[in-house]
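Chemist: Dropping a structure here in structure tokens format, bear with me for questions.
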Amino acid sequence: MNLSELIRGRRSIRKYLDKDIPREVLDEILQDALWAPSGTNRQNWDVYVVEGKKKDKLLESIIVASDIVKPKLEKMFPEKIVNITMTFLRTLGGAPALLLVYMPRSTFEIRLDMSSLEKYQTEYDRYNNSLSAAALIQNILLLAQEKGLGACWLTAPKNAEDRINEEMGLTDKELVSVITIGYPDQNPPVPPRKGEKIHWVS
Ligand SMILES: Cc1cc2nc3c(=O)[nH]c(=O)nc-3n(C[C@H](O)[C@H](O)[C@H](O)COP(=O)(O)O)c2cc1C
């Protein structure tokens with residue numbers, strides 16, 4: 001599969017087979033993913049691979065997040081989509097492994113009277129760290145796809161971040177996202193892409 005087919009063929013997978021991922025496969029994906037670009041090459045990210053009983057404990061925390069996001073989803077989507085999303089958040093689709101992507105915790109204050117420059121300089125670390133982590137995550141998704149695995153990138157668990165971090169024993173890091181990963185047990189329809197997003201300027 002060439003890169004264009006891989007990118008276009010990747011789907012968010014929300015239902016997985018009850019089949020473990022060999023550790024060497026997961027490790028190969030992560031080692032390759034770490035070649036993502038990062039702001040000033042800081043590589044300010046950490047990936048935690050969570051399996052087994054710890055994963056079950058984390059799911060208990062993520063269920064808390066699902067209850068928090070439900071009202072928001074109800075405002076945005078029809079009932080059918082809300083139900084699918086809620087089922088996924090409450091089960092994580094039976095994924096055999098979760099990848100938790102973290103960046104360093106940074107604290108700063110953004111004020112309304114700040115100029116763009118002041119704002120950027122103030123939030124520089126978090127801005128660059130989160131963009132860098134996003135590049136890493138996209139690598140993981142594509143590498144998983146290449147190996148016949150499926151994955152889904154989730155930020156909904158951020159709604160239960162304190163509980164998740166406590167469960168993980170982490171105090172100095174901010175959760176960027178959770179990725180479910182495993183062998184797909186579904187072939188989801190292709191969500192249409194919006195046009196008119198590219199602007200040629202000369
Ligand atoms: C930053 C980000 C956050 C996302 N968070 C969630 C999430 O919390 N729950 C979920 O089910 N999907 C989540 N997704 C997946 C998107 O819903 C999905 O990528 C989008 O609907 C397009 O579908 P596709 O990935 O199959 O092309 C997230 C994707 C991104 C990039």
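Chemist: Assess whether Lys75 counts as being open to solvent by 90 Å² or more (accessible area, probe 1.4 Å) and modelled with pLDDT under 95. Let's see the steps before the verdict.
Modeler: Working: open to solvent by 90 Å² or more (accessible area, probe 1.4 Å): yes; modelled with pLDDT under 95: no.
So Lys75 fails the test.
Chemist: Output yes when any residue across segment 186-199 is closer than 30 Å to Asp20 by Cα, open to solvent by 40 Å² or more (accessible area, probe 1.4 Å) and away from the ligand (no atom under 15 Å from the Cβ), and no when none is.
Modeler: Within segment 186-199, the subset closer than 30 Å to Asp20 by Cα is 186-191.
From what is left, the residues that are open to solvent by 40 Å² or more (accessible area, probe 1.4 Å) are 186-187, 189-191.
Narrowing the set further to residues that are away from the ligand (no atom under 15 Å from the Cβ) leaves none.
No, there is no match, as no residue in segment 186-199 is closer than 30 Å to Asp20 by Cα, open to solvent by 40 Å² or more (accessible area, probe 1.4 Å) and away from the ligand (no atom under 15 Å from the Cβ).
Chemist: Moving to a separate point now. Taking the condition of being more than 12 Å from the ligand (Cβ to nearest atom) and either open to solvent by 10 Å² or more (accessible area, probe 1.4 Å) or in contact with a Phe, Trp or Tyr (Cβ under 6 Å, 6 or more places away or on another chain) (or both), how many residues in segment 83-97 meet it?
Modeler: Initially, segment 83-97 is screened for residues more than 12 Å from the ligand (Cβ to nearest atom), giving 83, 94, 96-97.
With either open to solvent by 10 Å² or more (accessible area, probe 1.4 Å) or in contact with a Phe, Trp or Tyr (Cβ under 6 Å, 6 or more places away or on another chain) (or both) added as a condition, the list becomes 83, 94, 96.
Residues flagged as more than 12 Å from the ligand (Cβ to nearest atom) and either open to solvent by 10 Å² or more (accessible area, probe 1.4 Å) or in contact with a Phe, Trp or Tyr (Cβ under 6 Å, 6 or more places away or on another chain) (or both) within segment 83-97 amount to 3.
Rundown of residues vs (1) more than 10 Å from the ligand (Cβ to nearest atom); (2) over 29 Å from Leu6 (Cα atoms); (3) hydroxyl-bearing (Ser, Thr, Tyr), yes/no style:
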site: Lys75; (1), (2), (3): yes, yes, no
site: Met114; (1), (2), (3): yes, yes, no
site: Tyr120; (1), (2), (3): yes, yes, yes
site: Leu131; (1), (2), (3): yes, no, no
site: Ala156; (1), (2), (3): no, no, no
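Chemist: Could you tell me which of the residues Val69, Val47, Val101 is within 13 Å of the ligand (Cβ to nearest atom) and either closer than 22 Å to Leu170 by Cα or among the aromatic types (Phe, Trp, Tyr) (or both)?
Modeler: Numbers: Val69 fails: either closer than 22 Å to Leu170 by Cα or among the aromatic types (Phe, Trp, Tyr) (or both); Val47 fails: within 13 Å of the ligand (Cβ to nearest atom).
The conditions single out Val101.
Chemist: Continuing with the same structure: Under the condition of being among the small types (Gly, Ala, Ser) and assigned to a helix (DSSP H, G or I), which residue from segment 18-64 is most open to solvent (accessible area, probe 1.4 Å)? It would help to see each step written out before you state the result.
Modeler: If we filter segment 18-64 for residues that are among the small types (Gly, Ala, Ser), which is where we start, we get 33, 36, 38-39, 52, 61.
Next, only the ones that are assigned to a helix (DSSP H, G or I) stay: 33, 39, 52, 61.
On the way: Ala33: 1, Gly39: 22, Gly52: 43, Ser61: 2 Å².
In this case the residue turns out to be Gly52.
Chemist: For segment 3-31, name all the residues that are more than 17 Å from the chain's Cα centre (by Cα) and either on the phi > 0 side of the Ramachandran plot or among the charged types (D, E, K, R) (or both).
Modeler: If the condition is that a residue be more than 17 Å from the chain's Cα centre (by Cα) and either on the phi > 0 side of the Ramachandran plot or among the charged types (D, E, K, R) (or both), then Glu5, Arg8, Asp18, Lys19, Asp20, Arg23, Glu24, Asp27, Glu28 are the ones that fit.
Chemist: Next question, about the same structure. Among the residues of segment 1-44, how many are acidic (Asp, Glu) and within 16 Å of the ligand (Cβ to nearest atom)?
Modeler: Matching residues across segment 1-44 total 1.
The values are calculated or read from the model by the stated rules, or taken from the named source; none is laboratory data. Since the structure is predicted, the reported quantities are computational estimates derived from the model, not experimental observations. Cβ sites come from the backbone with ideal geometry, for glycine too, and all protein chains shown count toward neighbours. Protein only, heavy atoms only, side chains kept; ligands, DNA and RNA dropped before computing areas. Shrake-Rupley method; radii C 1.70, N 1.55, O 1.52, S 1.80 Å.
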